[in-house]
Amino acid sequence: MMEYIVHNLFSTEAGVVWLVLKWILVVAAAGFVGQFGKAFATYVMRRTRERNQAEAQCPPGTVPEASGPAGPALKEDPLPAQPATEPTARLKDDKKQKKALAKQQKKLLKKLFQ
């Protein structure tokens, strides 16, 4: 029995050698794609983290522009024309409208998935 297995494993009659080589190439290609994806994801996360840190370090009212050799340039944001504080009645109305909208969406989703 062992002789039969060894003979068929290394013979080219059944094409087992090519089958094994094909699987080795498939696994190697999958490993390459996986490693490339991991490296790319790490790069994207690092870049996003750096961008978020640059925005967090900026003083209020400024937005970082494209990075130059001296670091990120700061661009002044125009200040809003209206004051930051709004009447509390208007804020309450907005909150009520958002709550009613969320309730309607929840009911709709409940009807769809029953």
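The simple spin-label model puts a point 7 Å past each Cα toward its Cβ; for N52 and K106 those points are separated by 2.8 nm. Between H7 and V44, the simple label model (points 7 Å from Cα in the Cβ direction) yields a spacing of 5.4 nm. Rolling a 1.4 Å probe over the protein heavy atoms leaves E55 with an accessible area of roughly 100 Å².
The values are calculated or read from the model by the stated rules, or taken from the named source; none is laboratory data. As the structure is a computational prediction, the values presented were derived from the model and not from experiment. Cβ coordinates were reconstructed from backbone atoms using ideal geometry, including for glycine residues, and neighbour counts include every protein chain displayed. Calculation scope for accessible area: heavy atoms of the full protein, side chains included, ligands and nucleic acids excluded. Shrake-Rupley method; radii C 1.70, N 1.55, O 1.52, S 1.80 Å.
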